[in-house]
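Undergrad: Here it is, the structure in full.
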Amino acid sequence: MGKVTTGFSMSLDGFVAGPQDEVDRVFKWYFDKATREVSSGDEVFKMSEEGADLIQEAGQAAGVLVTARRTFDVAKAWGGKHPMNVPVVVVTHTVPREWVKEGSPFTFVTDGVESAIKKAKQIAGNKTVAVGAPSVVQQCLKAGLLDEIHIDLAPVLLFEGIRLFDHLGIKPVDLQITEVTATAGVIHLTFRVVK
């Protein structure tokens with residue numbers, strides 16, 4: 001089985017989105033000097049070489065993405081295809097019936113994050129399980145399910161919005177730095193969760 005990992009672009013003060021779910025400032029580095037086309041559902045958008053490479057690498061390593069229903073709804077189901085082009089497990093209380101159909105890339109799990117990760121590992125096989133929603137990351141940390149955290153640290157202070165590491169209420173989590181790289185618009189940090 002592959003590891004369970006997460007990766008987010010984040011402001012220096014810990015926000016992954018603004019108060020209205022806006023991500024333009026934390027994702028700015030993805031789109032500066034945009035030259036490569038990336039598809040999501042029926043849409044095609046241009047990204048920087050660095051951003052497109054990161055999405056491509058994550059998609060190749062991941063066997064599945066686990067996300068929250070709120071993220072799924074805010075992203076409008078990515079038009080039916082996540083940019084990483086992998087199956088998506090959605091943690092939810094209610095299943096959106098319009099997405100339960102033959103060929104849908106979405107699997108809905110209604111009995112909690114541990115069941116969602118278990119299902120995701122079955123789907124992923126030996127590939128990575130990527131966690132892509134702050135609330136699910138927090139639940140995975142509380143349950144000891146997360147193996148790795150990747151942060152793309154954007155040079156901005158948002159002061160308000162959605163924090164990645166909020167509502168944990170648990171003891172400190174020790175991390176080991178495994179990689180640090182930087183460019184003009186972002187610092188890439190990777191940590192192993194010490195268990």
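Undergrad: Please determine, by comparing only the residues of segment 167-195 that are among the small types (Gly, Ala, Ser) and surrounded by 10 or more Cβ atoms within 10 Å (Cβ to Cβ), which one is modelled with the highest pLDDT.
TA: Restricting to residues being among the small types (Gly, Ala, Ser) and surrounded by 10 or more Cβ atoms within 10 Å (Cβ to Cβ), the top hit is Ala182.
Undergrad: What's the number of the condition Thr94 fails, among (1) out of contact with any Cys (no Cβ under 9 Å at 6 or more places or on another chain); (2) in a loop (DSSP other than H, G, I, E, B); (3) within 20 Å of Lys3 (Cβ to Cβ)?
TA: Every listed condition holds for Thr94 apart from (3).
Yes/no per residue for (1) outside any helix (DSSP H, G or I); (2) of a type outside the set (S, T, N, Q); (3) within 19 Å of the chain's Cα centre (by Cα); (4) farther than 23 Å from Phe15 by Cβ:
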| position | (1), (2), (3), (4) |
| --- | --- |
| Ser104 | yes, no, no, yes |
| Phe108 | yes, yes, yes, yes |
| Asp111 | yes, yes, no, yes |
| Lys118 | no, yes, yes, yes |
| Leu146 | yes, yes, yes, no |
| Val173 | yes, yes, no, no |
| Glu179 | yes, yes, yes, no |
| Gly185 | yes, yes, no, no |
| Arg192 | yes, yes, yes, yes |
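Undergrad: Another question, then. Would you be able to say whether some residue in segment 96-106 is without any contact (Cβ under 8 Å) to a residue 40 or more places away in the chain, among the small types (Gly, Ala, Ser), out of contact with any helix residue (DSSP H, G or I) (no Cβ under 7 Å at 6 or more places or on another chain) and surrounded by fewer than 17 Cβ atoms within 10 Å (Cβ to Cβ)?
TA: yes
Undergrad: When Glu160 is evaluated against the numbered criteria (1) buried (at least 17 other Cβ atoms within 10 Å of the Cβ); (2) not in a helix (DSSP H, G or I), which criterion, by number, is the only one it fails?
TA: Among (1) buried (at least 17 other Cβ atoms within 10 Å of the Cβ); (2) not in a helix (DSSP H, G or I), the lone unmet condition for Glu160 is (1).
The values are calculated or read from the model by the stated rules, or taken from the named source; none is laboratory data. In this text, all values refer to a predicted model and were calculated from it rather than measured experimentally. Virtual Cβ from ideal backbone geometry, glycine too; neighbours counted across all protein chains shown.
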